[in-house]
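Asker: Here's a structure for you.
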Amino acid sequence: MTAKTYPASLPGKADHIPVLRAVSIKSLARSFGFSACGIAKADAVEESIARRYRRWLENGEEASMSYMANYLEKRLDPRLLVPGVRSIVSLALNYAPSQLLPKGEYQFAAYALGKDYHDLMKERMRQLAGKIKELHPLLPFLPRKEAHATFPPSQQGILPIRRQAMPASSAEDPSQTSRPCTASSPPAPQREPGWGCFCDTAPVLERYWAQKAGLGWVGRNHQLIIPHAGSMFFLGEIFLPFEVDVYDESMPDRCGKCHRCVDACPTRAIVPGEDFHASRCLSYQLIENRGELSEEAKAAMGDTIYGCDRCQTACPWNRFATPSTEPELQPKPELLSMSKEKWHRLTVEDYRRLFKGSAVKRAKFDGLKRNIQAKEQ
Ligand code: SF4
Ligand code: SF4
C-alpha cells in the first residue's frame, strides 16, 4: 500500500497550492473548547499599525518591558518569525470568572485566578494543531480557484460563543520566538516549516491578528472585544503553512462614542488620541514593574494586589460575558479562603503553594509582597 503523502505546492503553479477548509479548522477549534476562531492570511502588519507600534517604542512607552522592542521586524511581519507561514488561525478562550474572591478581601485580575493560561492555551493549541495536520490526508485539498465557491460566507465567521467562560500582560520568552508546535498526541507538526503555536510568549501582535481574523476589534481599552461576548478571552495563534479556502474579514471598530473605559481608568493610562501609557497602568505597576510602585499606583490600586480589570469591567460589551466552566480556570479553595490578615503574613512557602502553575508567578514573591505591603502603609 502506498503511503499517503503530504500535499505539496507545485513550484510555479500558484493555483495548485493546497488549500485547507476554514470550516473544518473552525469545527475542530470548537471541539477543543475554544470560544472563537478566525483565520487571517499571514502578511506584514498594516503600515499604520506598524508605525504606531514603532512610535510607541520611540516614546519609551514600554517602560521596563524592554522585550517589547525585541524582534521588531519579526513582530511586524510573521513571515519573518516563522518562515513558510501562510495562514494565522486566531483563537479565543473564555476566562470570565464564575467565582470571584470574597468582597472586602484582596483581589486579583480575573485572568490570574486559575491555572496559568500560557500552559492551558499552548497545550490545547498543540493538540488542535495536531488535529489540523491530521486533516491533510483525509480532506481533499481545494484548488485555490474553486475555494470561494465552496462554502457560504455564513459558515466562515467566528464560532458562536459558548455559554460559559479575560487576557493578560506577560513577558515574551525570546527562546520561544519561533518554537514550533510540539504536541505528541495527537501527532503534531514537529519542527516543520510554517507551523507555530503562540500565546503571549512570542513577538506576535495578538490582538491585531485577532481583529484581522474577524474575532472582534481592539477597543479603546486596548483589549480585543468580541461582539456580544466581551473581552475576557485568552488569545492564541496557530501558524499554518497552508492557505485556507476563505479568510475572515477584519472587524471594524465598534467603540463609537463610548468612553467608559477611559473614565474608569484610575491612572490615566488610556487617554483618547494618545498611545497607551503602559507605565501608568496598574497591570504594569503591579505585575511587570520590578522596582517601587509609583505613588499614583499606590493611591489607585484599591484592594487589588495583582493586575487590574477596571477598563474591562466598565466596558458595556462585558455585560454579555458568560462565566467560564473550564475546571482549570477556577480559583483554588485556598485562594478563595485568603483573608487580608493571611495575605499580610504570606511566606514564600505559602506563595509557592498558592500559585503553583499560576500566572501570578510572573510578579514573583517579592513583587506580590511589595503590593501587599503597599496596602499596609
Ligand atoms: S488595566 Fe486598569 S490601570 Fe490599566 S488601563 Fe485598564 S483601567 Fe487603567
Ligand atoms: S468601554 Fe466603550 S470605548 Fe472602552 S473598549 Fe468598551 S466599548 Fe470601547
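The values are calculated or read from the model by the stated rules, or taken from the named source; none is laboratory data. Model, not experiment: these values are computed from the prediction. For neighbour counting, all protein chains shown are included, and Cβ atoms are generated from backbone atoms with ideal geometry for every residue, glycine included.
Asker: Among the residues that make up the stretch 354-373, is at least one of them of a type in the set (A, V, I, L, M, F, W, C), within 16 Å of ligand 1 (Cβ to nearest atom) and touching a Ser or Thr at 6+ places or on another chain (Cβ under 9 Å)?
Answerer: Yes, the stretch 354-373 contains a residue that is of a type in the set (A, V, I, L, M, F, W, C), within 16 Å of ligand 1 (Cβ to nearest atom) and touching a Ser or Thr at 6+ places or on another chain (Cβ under 9 Å).
Asker: List the helices (runs of 4 or more DSSP H) inside the stretch 275-377, counting only whole elements, that have at least 2 residues being at pLDDT 95 or above and within 20 Å of the chain's Cα centre (by Cα). Lay out the reasoning, then the answer.
Answerer: Details: elements: 295-300, 310-313, 333-336, 340-344, 348-354, 364-376.
Fully inside the stretch 275-377 and qualifying: 310-313.
Asker: Something else: Could you please let me know if VAL19 is crowded, with 22+ Cβ neighbours inside 10 Å and at pLDDT 95 or above? Please lay out each step first, then the result.
Answerer: Details: crowded, with 22+ Cβ neighbours inside 10 Å: yes; at pLDDT 95 or above: no.
The answer is no for VAL19.
Asker: Let me ask something else about it. Within the stretch 232-247, take every residue that is part of a loop (DSSP other than H, G, I, E, B) and farther than 29 Å from LEU329 by Cα and give me the one that is nearest to ligand 2 (Cβ to nearest atom).
Answerer: First pass over the stretch 232-247, keeping only residues part of a loop (DSSP other than H, G, I, E, B): 232, 241-242, 245-247.
Now narrow it down to the ones that are farther than 29 Å from LEU329 by Cα: 241-242, 245-247.
Values: PRO241: 35, PHE242: 34, ASP245: 32, VAL246: 28, TYR247: 25 Å.
Across the stretch 232-247, the extreme among qualifying residues is TYR247.
Asker: State yes or no: is ALA202 away from ligand 1 (no atom under 16 Å from the Cβ) and either under 18 Å from SER35 (Cα atoms) or among the β-branched types (Val, Ile, Thr) (or both)?
Answerer: On the way: away from ligand 1 (no atom under 16 Å from the Cβ): yes; either under 18 Å from SER35 (Cα atoms) or among the β-branched types (Val, Ile, Thr) (or both): no.
Taking the combined requirement at face value, the residue does not satisfy it.
Asker: Further, regarding this structure: Among the residues of the stretch 357-373, which ones are surrounded by 18 or more Cβ atoms within 10 Å (Cβ to Cβ) and of a type in the set (A, V, I, L, M)? Reasoning before the result, please.
Answerer: Our first condition is that a residue be surrounded by 18 or more Cβ atoms within 10 Å (Cβ to Cβ); within the stretch 357-373, this holds for 358-360, 362-363, 367-371.
Of everything in the stretch 357-373, those that are surrounded by 18 or more Cβ atoms within 10 Å (Cβ to Cβ) and of a type in the set (A, V, I, L, M) turn out to be ALA359, VAL360, ALA363, LEU368.
Asker: Checking the conditions here, which among GLU249, GLU237, GLU292 is closer than 23 Å to ALA109 by Cβ, surrounded by fewer than 19 Cβ atoms within 10 Å (Cβ to Cβ) and away from ligand 1 (no atom under 16 Å from the Cβ)? Outline the logic, then answer.
Answerer: Values: GLU249 fails: closer than 23 Å to ALA109 by Cβ; GLU237 fails: surrounded by fewer than 19 Cβ atoms within 10 Å (Cβ to Cβ).
Going through GLU249, GLU237, GLU292 in turn, just one is closer than 23 Å to ALA109 by Cβ, surrounded by fewer than 19 Cβ atoms within 10 Å (Cβ to Cβ) and away from ligand 1 (no atom under 16 Å from the Cβ): GLU292.
Asker: Within the stretch 182-192, can one find any residue that is over 20 Å from the mean Cα position of the chain (by Cα), modelled with pLDDT under 95 and not assigned by TED's automatic domain parsing to the domain that holds GLY130? Before the answer, list the steps.
Answerer: Within the stretch 182-192, the subset over 20 Å from the mean Cα position of the chain (by Cα) is 184-192.
Add one more test, that the residue is modelled with pLDDT under 95, and what stays is 184-192.
Pick out the ones that are also not assigned by TED's automatic domain parsing to the domain that holds GLY130 and you get none.
The answer is no; no qualifying residue exists.
Asker: Scan (1) at pLDDT 95 or above; (2) under 15 Å from the mean Cα position of the chain (by Cα) for the single condition PRO227 breaks and write down its number.
Answerer: Unmet condition: (2).
Asker: When you go through LEU354, LEU336 one by one, which is the residue that is under 23 Å from LYS122 (Cβ atoms) and either crowded, with 19+ Cβ neighbours inside 10 Å or more than 16 Å from ligand 2 (Cβ to nearest atom) (or both)?
Answerer: Just one listed residue meets the conditions, LEU354.
Asker: Of everything in the stretch 193-225, what is within 22 Å of THR313 (Cβ to Cβ) and of a type in the set (A, V, I, L, M, F, W, C)? Give them in sequence order.
Answerer: ALA210, LEU215, TRP217, VAL218, LEU224, ILE225, listed by residue number.
Asker: If you don't mind, there's one more thing I want to ask. Do you know which residues across the stretch 82-129 are assigned to a loop (DSSP other than H, G, I, E, B) and β-branched (Val, Ile, Thr)?
Answerer: Here is the first cut: in the stretch 82-129, the ones assigned to a loop (DSSP other than H, G, I, E, B) are 82-86, 95-106, 109, 113-116.
The answer is VAL82, VAL85.
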